[in-house]
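The values are calculated or read from the model by the stated rules, or taken from the named source; none is laboratory data. Keep in mind the model is a prediction, meaning the values are calculated, not measured. Neighbour counts are summed over all protein chains in view; Cβ atoms, including those assigned to glycine, are modelled from backbone coordinates with ideal geometry.
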Amino acid sequence: MRHKIRFVMVGGFLGAGKTTTLARLARHYISRGQSVGIVTNDQAADLVDTNSLRAQGFTVGEVAGACFCCNFNELIGTIERVGGSMRPDVILAEPVGSCTDLVATVVQPLKRLFDAEFSIAPYCVILKPSHGVRVLRNAANAGFSAKAAYILKKQLEEADAILINRIDELPAAEVESLAELLEQTHPGRPLLRMSARHGTGIDALVELLDQEGDFGQRVLDIDYDVYAEGEAELGWLNASVRVAGAAAFDLDEFLVEVVRRLRDALALAGAETAHLKAIGLWEGFFGVANLISRDNQPELSLAANCRAAEFDLIVNARVAADPALLAELVPAAVSAACAARQAVADFRQTRSFRPGRPVPTHRYAAAP
C-alpha cells in the first residue's frame, strides 16, 4: 500500500518569510530521514524563490503563470514530477503571497479528490509584522489600499495557526503587543512566534505541523470582486538578466545595491513595496538580497561570499505601483549598479503586469 504524502502548505503575504521557513522545514524533515519536495508558485516564470531553493540543494518544482487555486491541475502534476519515481514523504507548498481563499480552493479539493494520496497538515499563515501591524490596526499609512489589505486579513482568517515571523527584528514588547492584537482579532487561534532566519521557534512549528486532525476547515466568506481588485493594485515584475564585467566584483554588494537603488526610486515615487528580491547565480555560488517594506533596509538574506565577472541575475518586484513604473525603474537600477562596476546588463526576459482576476479550478463553499 502506498504511503500518503504529507502536504504542508505555508501561506502569508508577500515578504512574510515563506521561502526561508520552507527551507528550514525541508532541512528538518530531511534530517529525520524523510524525502522532501518543494513546490513554489508565481504569476510568471523566473522566480527568485525557485532558484534560491534549488541552489540550496532542494528538489523544487514550480507552478508558474497562475496561483495554485487557478492552476490546481498543474499543482498536482508538479507534485507528481517532483516525486519522480519515488513518492516524497513530504511536499512543502508555497502559494503566491497575494493569494487567499486557499482552504476552499486547494486544501478542500485535495481532501475530497485526493484523500488517498495526501495527509493534510495544519494550514499555517505567516504574518509579516511591518505590514501586518498597520493593516490590523487599520492605520492610515498602511501603505496599501483597503482592498489590498483585505487580502492580508483574509489570509489570517482562514489559517489553522498564525505564525509571527521576524521576532529577531522586534523588541520583545512589540512582539507581545502584536500577539495581543492577534488574540483580539482571532481569539483562540494557535499562535507561534518565530524567526525563520535564525531558526527560533521552528521546532514548535514542526510539532504543530506533525499534528493529526481534520485541518483546513475555515472556508472563507469572501468577496471575489474586492479580492481581485486588491490583487490587481499590485504591480508585478520578473526579470532575467545576464551581467558581464571586465573584472570580477563582489556579488553580494552588487545585489544589495540593486535593491537599495530600487528602494530609493520607489520611495521617491511614493510606491509601497510588498517585496523585492534579487538573486545572483555564478558557478555554484548564489546570493539573495531583498526588501520587505518601505520602512525596512535592504538585507542580504543569503550570502554568496564570492567575486564574479559574469553571472545570472533574477529580480522579482511586487509593489503597489503601476507595472510600467517597475519596467522603468528595475532596468535603471540594474544598469546603474552595473555601470558603477564597468559591467553591462543583458536583459534576456522581463515581464511586468498586474495579476488577473482569480478563477479557481475548484472551490468548495463549505467544509464537509
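Can you spot a residue in region 192-204 that is surrounded by 21 or more Cβ atoms within 10 Å (Cβ to Cβ), aliphatic (A, V, I, L, M) and touching a Ser or Thr at 6+ places or on another chain (Cβ under 7 Å)?
Restricting attention to region 192-204, the residues satisfying the condition of being surrounded by 21 or more Cβ atoms within 10 Å (Cβ to Cβ) are 194, 196.
Checking which are aliphatic (A, V, I, L, M) leaves us with 194, 196.
Keeping just the survivors that are touching a Ser or Thr at 6+ places or on another chain (Cβ under 7 Å) gives 194, 196.
Checking region 192-204: at least one residue is surrounded by 21 or more Cβ atoms within 10 Å (Cβ to Cβ), aliphatic (A, V, I, L, M) and touching a Ser or Thr at 6+ places or on another chain (Cβ under 7 Å).
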All strands (runs of 3 or more DSSP E) inside region 229-333 with 3 or more residues being of a type in the set (A, V, I, L, M) and under 26 Å from A148 (Cα atoms)
272-282, 307-320
Residue within region 210-225 that is in the same structural domain as G15 (by TED's automatic domain parsing), in contact with a strand residue (DSSP E or B) (Cβ under 7 Å, 6 or more places away or on another chain) and in contact (Cβ under 8 Å) with a residue 60 or more places away in the chain present:
yes
Out of (1) outside any helix (DSSP H, G or I); (2) among the charged types (D, E, K, R); (3) surrounded by 15 or more Cβ atoms within 10 Å (Cβ to Cβ), the one E212 does not meet is (3)
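R32 - would you say it is at pLDDT below 95, out of contact with any Phe, Trp or Tyr (no Cβ under 9 Å at 6 or more places or on another chain) and either buried (at least 24 other Cβ atoms within 10 Å of the Cβ) or among the basic types (K, R) (or both)?
Values: at pLDDT below 95: no; out of contact with any Phe, Trp or Tyr (no Cβ under 9 Å at 6 or more places or on another chain): yes; either buried (at least 24 other Cβ atoms within 10 Å of the Cβ) or among the basic types (K, R) (or both): yes.
No.
Got a sec? Which of V82, V133, V107 is at pLDDT 95 or above and β-branched (V, I, T)?
Selected residue: V107, the only one of V82, V133, V107 that is at pLDDT 95 or above and β-branched (V, I, T).
Mind listing just one residue for me: the one in region 10-21 that is at negative phi and in contact with a helix residue (DSSP H, G or I) (Cβ under 7 Å, 6 or more places away or on another chain) and, of those, surrounded by the most Cβ atoms within 10 Å (Cβ to Cβ)? Working first, answer last.
So in region 10-21, the residues at negative phi come out as 10-11, 13-14, 16, 18-21.
Subset that is in contact with a helix residue (DSSP H, G or I) (Cβ under 7 Å, 6 or more places away or on another chain): 10-11, 13, 19.
Numbers: V10: 26, G11: 26, F13: 30, T19: 26.
The residue in question is F13.
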In the set Q342, Q349, which member is loosely packed, with under 13 Cβ neighbours inside 10 Å and closer than 20 Å to E257 by Cα?
Q342
Can you name every residue in region 134-148 that is within 17 Å of E233 (Cβ to Cβ) and not in a loop (DSSP other than H, G, I, E, B)?
R134, V135, A146, K147, A148
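Taking the conditions exactly as written (within 27 Å of A16 (Cβ to Cβ) and touching a residue at least 40 places away in the same chain (Cβ under 8 Å)), does D312 satisfy them or not? Steps first, please.
On the way: within 27 Å of A16 (Cβ to Cβ): yes; touching a residue at least 40 places away in the same chain (Cβ under 8 Å): yes.
Yes: the conditions hold for D312.
Answer yes or no: is there a residue in region 245-263 that is touching a residue at least 24 places away in the same chain (Cβ under 8 Å), out of contact with any strand residue (DSSP E or B) (no Cβ under 9 Å at 6 or more places or on another chain) and either of a type in the set (D, E) or buried (at least 18 other Cβ atoms within 10 Å of the Cβ) (or both). Lay out the reasoning, then the answer.
So in region 245-263, the residues touching a residue at least 24 places away in the same chain (Cβ under 8 Å) come out as 245-252, 254-263.
Keeping just the survivors that are out of contact with any strand residue (DSSP E or B) (no Cβ under 9 Å at 6 or more places or on another chain) gives 261.
Next, only the ones that are either of a type in the set (D, E) or buried (at least 18 other Cβ atoms within 10 Å of the Cβ) (or both) stay: 261.
Yes - at least one qualifying residue is present in region 245-263.
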Give me a count of the residues in region 125-145 that are surrounded by fewer than 24 Cβ atoms within 10 Å (Cβ to Cβ) and touching a strand residue (DSSP E or B) at 6+ places or on another chain (Cβ under 6 Å).
2
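If you check L325, L266, L302, L313, which single one turns out to be in contact with a strand residue (DSSP E or B) (Cβ under 8 Å, 6 or more places away or on another chain) and within 21 Å of R197 (Cβ to Cβ)?
L302
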Failed item, numbered, when L156 is tested on (1) under 26 Å from A365 (Cα atoms); (2) in contact (Cβ under 8 Å) with a residue 40 or more places away in the chain:
(2)
Exactly one condition in (1) closer than 22 Å to F215 by Cα; (2) assigned to a loop (DSSP other than H, G, I, E, B) is false for M9; which is it?
(2)
With the condition kept exactly as written, say whether any residue in region 175-186 is modelled with pLDDT of 90 or more, more than 20 Å from the chain's Cα centre (by Cα) and part of a loop (DSSP other than H, G, I, E, B).
yes
Go through region 264-303 residue by residue and tally those that are of a type in the set (G, A, S) and either crowded, with 24+ Cβ neighbours inside 10 Å or in the same structural domain as F144 (by TED's automatic domain parsing) (or both).
5
